[in-house]
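Chemist: Questions regarding the structure given below will be posed in turn.
The values are calculated or read from the model by the stated rules, or taken from the named source; none is laboratory data. Keep in mind it's a predicted model, so treat the numbers as computed, not measured. Neighbour counts run over all protein chains shown; Cβ positions are idealised from the backbone, glycine included. Ligands, DNA and RNA are stripped out before the accessible areas are found, and what is left, the full protein with its side chains, is counted by its heavy atoms. Shrake-Rupley method; radii C 1.70, N 1.55, O 1.52, S 1.80 Å.
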Amino acid sequence: MDKDPAGPAEPDKPARPTPPARPAASLLSRRRLLRGAALAAIPYTLLPDPRAGAQTEPVDYPPAEWQPASSSNYTSSDRPGSYAIDRVIIHVTQETYANTLAIFANPAKKVSTHYLVRSADGHVAQCVHEADIAWHAGNWDYNTRSIGIEHEGWVDQPSYFTSALYEQSARLTAAVCDTYGIPKDREHIIGHYQVPGTDHTDPGPYWDWVRYIRLVNFA
């Protein structure tokens, strides 16, 4: 048994008076302090994820992460009821993955695509629902009839076109084609440079179309 922390009373001295009770506020502050110290001692990985309870928008492509574009950067619609979807348009960002997401989220930029594929690991973000019209082709007719897929990188830096990027993008494109009955060929899976009236050159000369269409067909 532990000893009384105050110690035994001395016989020739009067017993110490009982100290006054601490105010409730003081006890509460001490409890909070102790609770904070205890939490600080817990490894960060054991604490609950603050995003765990957050509501996320449902995506059209299950492996994708929802990273919404500003509603000022696309047109709400009800495709394919409002417009038939018969094309997939391949883009290259000329920006980093993070900067591209920031551009799509900025209402002043007036640009978006449905999907963005990260170079390093092929991670897919969905920024606009497929039913809506993303502003990516620079041509209204092609915007209404297509799904736009951006790929992180630069047209003159082929090192950004990693195997992971090709493979995950091809799976995404194959899923889009299956959903809307789009043929998996170069007539229906096109580069931004093929859109009438565009001055863009992406995905550029280093994009391996033969490899990509093969991956789409075998995805």
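Chemist: Can you say whether ALA131 is open to solvent by 60 Å² or more (accessible area, probe 1.4 Å), small (Gly, Ala, Ser) and either touching a Cys at 6+ places or on another chain (Cβ under 6 Å) or under 20 Å from ALA64 (Cα atoms) (or both), as far as the supplied structure shows? Steps first, answer last, please.
Modeler: Working: open to solvent by 60 Å² or more (accessible area, probe 1.4 Å): no; small (Gly, Ala, Ser): yes; either touching a Cys at 6+ places or on another chain (Cβ under 6 Å) or under 20 Å from ALA64 (Cα atoms) (or both): yes.
No.
Chemist: Another question, then. Could you list, in sequence order, the residues of segment 87-111 that are within 14 Å of the chain's Cα centre (by Cα) and among the hydroxyl-bearing types (Ser, Thr, Tyr)?
Modeler: THR96, TYR97, THR100 - these are the residues of segment 87-111 that are within 14 Å of the chain's Cα centre (by Cα) and among the hydroxyl-bearing types (Ser, Thr, Tyr).
Chemist: Among (1) over 21 Å from LEU215 (Cα atoms); (2) open to solvent by less than 30 Å² (accessible area, probe 1.4 Å); (3) of a type in the set (S, T, N, Q), there is one condition ASN106 misses while meeting the rest; what is its number?
Modeler: Among (1) over 21 Å from LEU215 (Cα atoms); (2) open to solvent by less than 30 Å² (accessible area, probe 1.4 Å); (3) of a type in the set (S, T, N, Q), the lone unmet condition for ASN106 is (2).
Chemist: Considering only segment 105-113, I want to know if a residue exists there that is in contact (Cβ under 8 Å) with a residue 40 or more places away in the chain, basic (Lys, Arg) and out of contact with any Leu (no Cβ under 8 Å at 6 or more places or on another chain).
Modeler: no
Chemist: Within segment 70-88, can you find the residues that are open to solvent by less than 60 Å² (accessible area, probe 1.4 Å) and in a helix (DSSP H, G or I)?
Modeler: SER72, ASN73
Chemist: A further question on this structure: It is to be established whether one or more residues within segment 136-143 are touching a Pro at 6+ places or on another chain (Cβ under 9 Å), more than 25 Å from VAL59 (Cα to Cα) and among the hydroxyl-bearing types (Ser, Thr, Tyr).
Modeler: no
For every residue, the table says whether it meets (1) at pLDDT 50 or above; (2) in a loop (DSSP other than H, G, I, E, B).
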site	(1), (2)
PRO17	no, yes
ALA21	no, yes
ARG30	no, no
LEU33	no, no
THR45	no, no
ALA52	no, yes
PRO68	yes, yes
ILE90	yes, no
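Chemist: Next question. Any idea which of (1) open to solvent by less than 60 Å² (accessible area, probe 1.4 Å); (2) out of contact with any strand residue (DSSP E or B) (no Cβ under 9 Å at 6 or more places or on another chain); (3) farther than 24 Å from PHE218 by Cβ is the one GLY122 doesn't satisfy?
Modeler: All conditions pass for GLY122, except number (3).
Chemist: Any chance you could count how many residues in segment 134-158 are open to solvent by less than 10 Å² (accessible area, probe 1.4 Å), closer than 21 Å to LEU215 by Cβ and either in contact with a Ser or Thr (Cβ under 9 Å, 6 or more places away or on another chain) or in a helix (DSSP H, G or I) (or both)?
Modeler: 5
Chemist: Okay, moving on. In segment 177-216, which residues are open to solvent by 80 Å² or more (accessible area, probe 1.4 Å) and not hydroxyl-bearing (Ser, Thr, Tyr)?
Modeler: Correct list: ASP178, GLU187, GLY197, ASP199, HIS200, PRO205, VAL210, ARG214.
Chemist: Mind listing whichever residues of segment 159-176 are farther than 13 Å from VAL124 by Cα, crowded, with 22+ Cβ neighbours inside 10 Å and touching a helix residue (DSSP H, G or I) at 6+ places or on another chain (Cβ under 8 Å)?
Modeler: If the condition is that a residue be farther than 13 Å from VAL124 by Cα, crowded, with 22+ Cβ neighbours inside 10 Å and touching a helix residue (DSSP H, G or I) at 6+ places or on another chain (Cβ under 8 Å), then no residue fits.
Chemist: Residue under question is ALA98, and the condition is that it be open to solvent by 10 Å² or more (accessible area, probe 1.4 Å), in a helix (DSSP H, G or I), over 29 Å from SER71 (Cβ atoms) and of a type in the set (A, V, I, L, M, F, W, C); does it hold? Walk me through it before giving the result.
Modeler: Numbers: open to solvent by 10 Å² or more (accessible area, probe 1.4 Å): yes; in a helix (DSSP H, G or I): yes; over 29 Å from SER71 (Cβ atoms): no; of a type in the set (A, V, I, L, M, F, W, C): yes.
Spelling it out, it is not the case that ALA98 is open to solvent by 10 Å² or more (accessible area, probe 1.4 Å), in a helix (DSSP H, G or I), over 29 Å from SER71 (Cβ atoms) and of a type in the set (A, V, I, L, M, F, W, C).
Chemist: Can you pull out the residues in segment 180-219 that are more than 25 Å from the chain's Cα centre (by Cα) and outside any loop (DSSP other than H, G, I, E, B)?
Modeler: TYR193, GLN194, TRP209, VAL210, ARG211, ILE213, ARG214, ASN217, PHE218
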